[in-house]
Amino acid sequence: MVFLQKHAQIALGYFLIIAALGVALRLFSVFDMPITYRFVVHGHSHIALLGWVYTGLTTLMYFLFLRKKHLGRKYRILFWATQTTLIGMLISFPFTGYALFSILFSTLFLLTSYVFTFLFLKHSAAVQRNRPSHILLRTALWYMVLSSIGPWALGIIMVTLGNDSHWYKNAIYFYLHFQYNGWFLVALVALFFYLLESMSVTLSRQNFRLFYNLLNAGVILTFFISLLWMEPHPVIYGLAALGGVLQIGAFTLLFAKVLNNRFTLAKRLPSSTKYFLKLAAICLAIKLIAQVMGVFPAPAQIISGNIDFVISYLHWVFLGFVSVGIFAFLNHFKLATISKNVTVAYMGAFLTTEVLIFYRGAVAAFDAPPLPHLNLWLGVASSLLMLAIGWMFLQNVISKSN
Ligand code: HEM
């Protein structure tokens, strides 16, 4: 348990580092900074997805399904090998962008993530395998493996078609989509099912099958949203919209189950867990609605040409649904302590950054009146967000070392 708390602290450490890199990016347009913007974006995004989220989720998965399997030594070797690749990426990406060492470390990371998938599939207990939470976690891992086709393809595309081809952009979108709409989303849903199962709240077999099919059809079809920037055939718009609607159907089914069992859940879940889960659910609901609204040709055109709308949507998902979801489970299973005070500071700063980025997008898209010093205020709000994450990290490092 103690070593897994250390791993959770390492994940939070990455969270703090990516926040600092994010602040540097936001202040880039305000002050002279001795950085190459695109290189720092690569460092920030890789460490965010692979350092913070991957380490957080795999630590939870190991804790819940593998810790009694006597894999201690093997798992530690794998964990530290993975960390070596992450530190390698952290040192190389911000200074060199895509170059020899960053490509080498990110490729090695992919291999370590395959080994984790293998360990999980091979070693989790037979009795757990039929549980919806386990079925969903296996699916989440397959989405992670599927997403990795993106980076492999990127190498081939760079050599053959070059960075300017449509395929290059689509390979990145494929990777991002199956990371956050596949692996992260399904893994967090699986962890929620684990909580429900621990309180004997279960969907009937038939309802689970329906939920599972709707969820997965949604994950696959919403990939088409990532292709709308090319203004494709209307069928692609239709499939993207269908994906969004099916996903809303899946979560409505799950929400109905939660509503029916609200008294059991209210009694048995600690108030902090309920609080985080509600916040994550609100962020998810807004994401699901935005997803459907964004597939109509006119908004799709505006969004794909407006980097601020894209970044505010992505960070809504990452800092809202995904990160708050991870807080919920790390805190619930006592792998980390995320206090309510720190969460209030985090949410306040996060919402402020979202409003400001969105407003900057609206200035460009709809000629909204420009706000004076908007970039500076965005840098200030992002710095406050970084301080909240720093506070969260320190609370864990200090409380665990006492
Ligand atoms: C903690 C505060 C954060 C700040 C201040 C921040 C800030 C930024 C900024 C300024 C960019 C560059 C946008 C551009 O010009 O392309 C960016 C990109 C990105 N961020 Fe964050 N970020 C934060 C957290 C996160 C988290 C938690 C994640 C994921 C878990 C994340 C994932 C990404 C990704 C994937 C991109 C690249 C998007 C693209 O290339 O289209 N960020 N972030």
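Structure data summary
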read-out: Qualifying positions in the range 90-100 - part of a helix (DSSP H, G or I) and surrounded by fewer than 19 Cβ atoms within 10 Å (Cβ to Cβ); value: Ile91, Phe95, Thr96, Leu100
read-out: Selection status of Ile303, in the same structural domain as Ser382 (by TED's automatic domain parsing), surrounded by 22 or more Cβ atoms within 10 Å (Cβ to Cβ), assigned to a helix (DSSP H, G or I) and modelled with pLDDT under 95; value: yes
read-out: Filter result for Val397 (away from the ligand (no atom under 13 Å from the Cβ), farther than 30 Å from Pro232 by Cα and open to solvent by 60 Å² or more (accessible area, probe 1.4 Å)); value: no
read-out: Helices (runs of 4 or more DSSP H) wholly inside the range 1-62 that include at least 3 residues being of a type outside the set (Val, Ile, Thr) and surrounded by fewer than 23 Cβ atoms within 10 Å (Cβ to Cβ); value: 2-27, 37-46
read-out: Test set (1) touching a Leu at 6+ places or on another chain (Cβ under 9 Å); (2) small (Gly, Ala, Ser); (3) over 19 Å from Met144 (Cα atoms) - Ala48 fails condition number; value: (3)
read-out: From the options Leu385, Leu351, residue that is part of a helix (DSSP H, G or I) and in contact (Cβ under 8 Å) with a residue 12 or more places away in the chain; value: Leu385
read-out: Any hit, the range 163-173, residues being of a type in the set (Lys, Arg) and in contact (Cβ under 8 Å) with a residue 60 or more places away in the chain; value: yes
read-out: Helices (runs of 4 or more DSSP H) wholly inside the range 185-289 that include at least 3 residues being modelled with pLDDT of 95 or more, aliphatic (A, V, I, L, M) and under 30 Å from Ile338 (Cβ atoms); value: 185-198, 234-260
read-out: Test: residue in the range 248-260 that is open to solvent by less than 50 Å² (accessible area, probe 1.4 Å), out of contact with any Asp or Glu (no Cβ under 6 Å at 6 or more places or on another chain), of a type outside the set (A, V, I, L, M) and more than 16 Å from the ligand (Cβ to nearest atom); value: yes
read-out: Any hit, the range 172-183, residues being at pLDDT 95 or above, closer than 15 Å to Phe329 by Cβ and hydroxyl-bearing (Ser, Thr, Tyr); value: no
read-out: Criterion violated by Leu210 - all others in (1) open to solvent by less than 30 Å² (accessible area, probe 1.4 Å); (2) touching a Leu at 6+ places or on another chain (Cβ under 7 Å) satisfied; value: (1)
read-out: Residue within the range 71-89 that is within 16 Å of the ligand (Cβ to nearest atom), open to solvent by 10 Å² or more (accessible area, probe 1.4 Å) and of a type in the set (Lys, Arg) present; value: no
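Listed here are the residues, each with its yes/no results for (1) out of contact with any strand residue (DSSP E or B) (no Cβ under 9 Å at 6 or more places or on another chain); (2) within 19 Å of Leu4 (Cα to Cα); (3) within 12 Å of the ligand (Cβ to nearest atom).
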position: Ala290; (1), (2), (3): yes, no, no
position: His315; (1), (2), (3): yes, no, yes
position: Phe321; (1), (2), (3): yes, no, yes
position: Ala328; (1), (2), (3): yes, yes, no
position: Asn341; (1), (2), (3): yes, no, no
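Here is a yes/no grid of residues against (1) open to solvent by 40 Å² or more (accessible area, probe 1.4 Å); (2) farther than 19 Å from Ile103 by Cα; (3) touching a Leu at 6+ places or on another chain (Cβ under 9 Å):
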site: Gly150; (1), (2), (3): no, no, yes
site: Gly155; (1), (2), (3): no, no, no
site: Val159; (1), (2), (3): yes, no, no
site: Lys169; (1), (2), (3): yes, no, no
site: Tyr173; (1), (2), (3): yes, no, yes
site: Phe178; (1), (2), (3): no, yes, yes
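The values are calculated or read from the model by the stated rules, or taken from the named source; none is laboratory data. Just so it is clear, the model here is predicted, and its values are computed rather than measured. Positions of Cβ are generated from backbone atoms using ideal geometry, with glycine treated the same way; all protein chains shown enter the neighbour counts. Side chains are part of the model used for accessible areas, which takes the heavy atoms of the whole protein and leaves out ligands, DNA and RNA. Shrake-Rupley method; radii C 1.70, N 1.55, O 1.52, S 1.80 Å.
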